[in-house]
1. Taking H placed 1.01 Å from N in the peptide plane, check which residues at least 5 places from PHE100 or on another chain put their amide H under 5 Å from its amide H.
2. Tell me which of ASN66, GLY8, VAL106 sits at the most positive position along the dipole axis of the chain, charges placed on C-beta atoms (Lys, Arg +1; Asp, Glu -1).
3. Can you run phi through the Karplus equation (6.51, -1.76, 1.60; θ = phi - 60°) for the range 24-38 and list ³J(HN,Hα) in whole Hz, with x for Gly and Pro?
4. Which residues make up the longest stretch of the chain clear of trypsin sites (Lys or Arg not before Pro) that lie in a DSSP loop with no more than 14 other Cβ atoms within 10 Å, not counting the sites?
5. Dipole of the chain, Cα-centred, from +1 at each Lys and Arg C-beta and -1 at each Asp and Glu C-beta, to the nearest 20 debye?
6. Whose amide H sits under 5 Å from the amide H of VAL30, counting only residues 5 or more places off or on another chain, with H placed in the peptide plane?
7. Based on the Cβ-Cβ distance from GLU69 to SER89, what FRET efficiency comes out when R0 is 22 Å, to the nearest 0.05?
8. Per-residue HN-Hα couplings for the range 58-63, Karplus 6.51 cos²θ - 1.76 cosθ + 1.60 at θ = phi - 60°, whole Hz, x for Gly and Pro?
Amino acid sequence: MKNVVGGGYYEVKQRKLSDFVRQYNEIDLVKIDIEGAESSVLKDLIDSKLLGKPNLYIIEHHLKINDFESQKNLAAIIKEFSESGFVFSLKSVEIAHEGFQDILLVFKKPNKCHN
């Protein structure tokens, strides 16, 4: 991937989270804050059957206000984690702005993480 930085280009190597997760026997924490691309990354983990490998996820989800598809997407994320044995909490981290609401999602395996 190439990105413009200060009028020039900066090349960044990309790697799928699933490839990274696959390398390790145990992963304590995955933090995801990728400005609206959460669903595609999580779908890849689900398709790779790796969603349940990490013990804890902290995800900043960008919910589009008054958008049924966005709400369905959030519900689907919660369902996938719940079906994979995670418990969860969620909270709004900011007041809604420009039609979006940032939601902090925390998913953890009940017997693996401390409070």
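1. Answer set, sorted by chain and number: ILE65.
2. VAL106
3. With coefficients 6.51, -1.76 and 1.60, one gets 10, 6, 9, 10, 7, 9, 10, 10, 10, 8, 10, 6, x, 9, 4 Hz.
4. On the way: sites that count: LYS13, ARG15, LYS16, LYS49, LYS112.
Result for the longest clean stretch: 50-111.
5. Here the size comes out at about 460 debye.
6. LEU56, TYR57, ILE58
7. My answer for the efficiency is 0.40.
8. Ordered by residue, 3J(HN,Hα) equals 10, 10, 8, 9, 9, 8 Hz.
Values quoted throughout were computed directly from the atomic coordinates according to the rules given, and no laboratory measurement underlies them. Note that the structure is predicted; figures quoted are calculated from it, not measured. FYI the Cβ positions are ideal-geometry reconstructions off the backbone, even for glycines, and counts take in every protein chain you see.
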